[in-house]
1. Take a quick pass over region 31-83 and tell me how many lysine pairs come in under 26 angstrom between Cα atoms, counting only ones 8 or more apart or on separate chains.
2. Would you order M27, M4 from fewest to most other beta-carbon atoms within 10 Å of each residue's own beta-carbon?
3. For labels at I77 and A45 in the simple 7 Å Cα→Cβ model, what's the distance in nm?
4. Subtract the Cα-Cα distance of M4 and Q26 from 0.36 nm times their separation in residues, and report this length gain in nm to one decimal.
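What follows draws every value from the coordinates through simple rules; no lab data is involved. Remember, it's a predicted structure, so these values are computed and weren't measured experimentally. For neighbour counting, all protein chains shown are included, and Cβ atoms are generated from backbone atoms with ideal geometry for every residue, glycine included.
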Amino acid sequence: MSKMTLTERFRYENEQKIKKFTKQPQMKDKILEDLKREFDARSEAGIKKYNTTLEDNNKDDFLQHLKEELMDAALYIQKLQSVEPNYCKCNITYTLNE
């Protein structure tokens, strides 16, 4: 290897690391891949419905939307617990520091 500047050496070493990394077989996480597909489908549905992307939408009150979604989530939890009371029994003990 001939003399290299510090920048050239840094670039070369990084290229070697990338080559080494990309030669390894890529593992896929099925759970993550399923969620990505759901995000893609939800994005496409939103674009069709609202004729805009989330990136381009600067008109909505996103904090209000988030609050409403979390309120819905709490209702779904309450519903599941009322239908199946033993679904998730959490015994939490709080200890007070004296």
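1. Close lysine pairs found across region 31-83: 10.
2. Values: M27 5, M4 12.
The fewest-first ordering by Cβ neighbours comes to M27, M4.
3. Reported label-point gap for I77 and A45 is 2.3 nm.
4. Working: separation 22, 0.36 × 22 = 7.92 nm, distance 3.22 nm.
Full extension from M4 to Q26 adds 4.7 nm.
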